[in-house]
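None of the figures in this text is laboratory data; all of them are computed from the coordinates on show. All figures in this text were calculated on a predicted structure; none of them were measured in a lab. Here the Cβ positions follow ideal geometry from the backbone for every residue, glycine too, while neighbour counts run over all protein chains shown.
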Amino acid sequence: MTQMLSIKGLWKSFAGFVATRDVHLELNAGETHAVIGPNGAGKTTFFNLITGHLRPDQGTVIFEGKSLVGLAPEKIVRMGIARSFQRINIYPRLTVFENVQVALIAHAGQHWNLFKSGRSLHRDDTADLLRLVGLEGEATEIGGELSYGKQKQLELAIALASQPRLLLLDEPTAGMSPQETAEAIALVRDIVRARGLTLLFTEHDMSVVFGIAERISVLHHGEIIASGTPEEVRNDPEVKRVYLGEHAHG
């Protein structure tokens, strides 16, 4: 397996509160890896440190042999990492089609002009991405008027517009109904396989985690207390004690 992401000794504090504590994580190309842990464990901070939204106090983040520490988020996206957020991150007043088209135009370094040539750019690629995430039927709808589940599908299409090799999803099923959750995870799994992507995700729904993750790392009070296959993590006494006990049947 080819190592894609190597994180070593990652520390981040906020006014004396340690959010991530000496975090180590190795991610191989093509792997689906979940990061789980209780609320406040440091999962979103960890993602922010990888994607340049925060700078670590100490530690290294190496992606495909290149350091990410100190790089702007836009530069990291251009290197091949895309991310979705816990809070929906779309243009609520643009149509579904325009949301994805704008993302493709931005990735190509072109300029969007609603009244000029922008409308004609990347139309086929936009249609392809909407088909991929199952939104071809909603192309003309306003992004902000979609159901929550479909807004998350749109956000996924926007993330894929940057042609990532590594996809980071932060709580991709948060706020979804059980049916929306099942559909969303099936969609993500299919896209990851079809495009040969590497997936790193945080998730509170243990059925989702144990259903698609090949490896799992458990964050607790900012440090990784276990990392391994789903079976290894499920049977880890420390993980059971601090976390899975409350989710054992979830």
Seminar exercise, completed: For segment 205-214, in residue order, the Karplus 3J(HN,Hα) values (coefficients 6.51, -1.76, 1.60; θ = phi - 60°; whole Hz; Gly and Pro = x) are 8, 5, 5, 5, 4, 6, x, 10, 6, 8
For this session: State the dimensionless ratio Rg/Rh of segment 15-118 (Rg: radius of gyration of Cα atoms; Rh: Kirkwood radius).
Result: 1.03
Problem set entry | Dipole axis of the chain (+1 Lys, Arg; -1 Asp, Glu on Cβ), positive-most option in 169, 7, 229 | 7
For this session: Give the calculated FRET efficiency between residue 93 and residue 179 to the nearest 0.05, with a Förster radius of 25 Å applied to their Cβ-Cβ distance.
Result: 0.35
For this session: For segment 25-30, just list the computed ³J(HN,Hα) in residue order, Karplus coefficients 6.51, -1.76 and 1.60, θ = phi - 60°, integers in Hz, with x standing in for Gly and Pro.
Result: 7, 10, 10, 8, 4, x
Exercise. Between residue 110 and residue 75, 0.36 nm times their residue separation minus their Cα-Cα distance comes to what?
Worked result: 11.0 nm
Seminar exercise, completed: Expressed as a whole-number percentage, the relative contact order of segment 89-163 with C-alpha contacts under 8 angstrom and at least six residues apart is 47
For this session: Report the convex hull volume per residue for segment 178-250, counting only C-alpha atoms, in Å³.
Result: 91
Exercise. Taking a threshold of 28 Å on the Cα-Cα distance, which of the pairs 8/240; 150/240; 8/75; 43/75; 8/150 fall above it?
Worked result: 150/240; 8/150
Exercise. Over the chain, what is the mean sequence separation of C-alpha contacts under 8 Å (at least six apart), divided by residue count, expressed as relative contact order in percent?
Worked result: 25
Exercise. Rounded to a whole number, what is D in µm²/s for the chain from Stokes-Einstein with the Kirkwood radius over alpha-carbon pairs (25 °C, 0.890 mPa s)?
Worked result: 131
Problem set entry | Calculated log₁₀ intensity ratio I(q)/I(0) where the Debye formula runs over C-alpha points of segment 86-175, q = 0.10, 0.11, 0.20 Å⁻¹ | -0.23, -0.27, -0.91
For this session: Find how many whole Å separate the alpha carbon centroid of segment 125-143 from the alpha carbon centroid of segment 15-91.
Result: 28
Seminar exercise, completed: per DSSP, antiparallel bridges as share of beta bridges in the chain, % nearest 5, sits at 55
